[in-house]
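Peer 1: I have a structure here, written as structure tokens, and I will follow up with some questions on it.
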Amino acid sequence: MRIAIASDHAAIDLKAELRDWMIEQGHEVADLGPDTTDSVDYPDYGYKLASVVADGTAERGVALCGSGIGISIAINRNPACRSALVSEPLSAELARSHNDANVIAMGARLTGSDMAKACLEAFLSTDFLGDRHQRRVDKLSNPEM
């Protein structure tokens, strides 16, 4: 699977660990930055990640910041993206199966690396159920429906 990952300065270490883990799992991973712990603005990296998921360059995205909240909000500004902030595997699984989330967001200050990997594994291995959930997902990008 083609996956893009991005973070802010607070999540550099977790980003590197998850990137390497996904590569070990056989995924093609594009690291969109940043590369240092110098302070950056999470919306910039959220918008960059949303762009590559929206245009199909990446099939899924992984977004990280201190809490996961800010970068998730930035990504959800793009109507083609459905970013879900998760902190345990069941939320990650439901985000995929019921909401067709194409981006997972986590907080590096709140989620340890083992839990983040478990969330990511659930997110990447779960398919969207479609059916009754599809009409709801359609409304996320088209509020007029």
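FYI, it's all coordinate maths here, none of it is from the lab. Given the structure is predicted, the values throughout are model-derived calculations rather than measurements. Cβ atoms come from the backbone with ideal geometry, glycine included; neighbour counts cover every protein chain shown.
Peer 1: Can you pull the one-decimal nm distance between simple spin-label points at ALA118 and VAL137, each 7 Å off the Cα toward Cβ?
Peer 2: Result for the modelled spin labels: 2.6 nm.
Peer 1: Taking the Cα centre of the stretch 2-141 as the origin, how large is its charge dipole in debye, to the nearest 20, when only Lys and Arg (+1) and Asp and Glu (-1) carry charge on their Cβ atoms? Don't skip to the answer; put the middle values down first.
Peer 2: Values: 14 positive and 21 negative charges, 134 e Å.
Roughly 640 debye for the stretch 2-141.
Peer 1: Once both axes come from the Cα atoms, what is the angle between helix 89-99 and the longest principal axis of the chain, in degrees from 0 to 90, rounded to 10?
Peer 2: 40
Peer 1: Sticking with this one: Taking the Cα of LYS48, stepping 7 Å toward and past its beta carbon, and measuring to each backbone N in the stretch 7-38: which are under 14 Å?
Peer 2: Within reach of a label on LYS48, which here means backbone N under 14 Å from a point 7 Å along Cα→Cβ, the stretch 7-38 contributes 7-12, 15-16, 30-38.
Peer 1: What does the C-alpha gyration tensor say about the overall shape of the stretch 65-112? Classify as rounded when a/c is under 1.5, otherwise prolate if a/b is larger than b/c, or oblate.
Peer 2: Oblate.
Peer 1: Round to the nearest 10 and give me the degree value, 0 to 90, for the angle of helix 42-54's Cα axis relative to the longest principal axis of the chain.
Peer 2: Tilt of helix 42-54: around 50 degrees.
Peer 1: Rounding to the nearest 10 and keeping the result within 0 to 90°, find how far the Cα-based axis of helix 113-125 lies from the longest principal axis of the chain.
Peer 2: Once rounded, the angle reads 30 degrees.
Peer 1: Tell me the net charge near TYR47. Cut-off is 13 Å between Cβ atoms, TYR47 excluded, with +1 for each Lys or Arg and -1 for each Asp or Glu.
Peer 2: Summing Lys/Arg as +1 and Asp/Glu as -1 gives -2.
Peer 1: Which parts of the stretch 85-102 would a label at TRP21 reach, counting a residue when its backbone N lies under 12 Å from a point 7 Å out along Cα-to-Cβ?
Peer 2: Counting only backbone N, you get 88-89.
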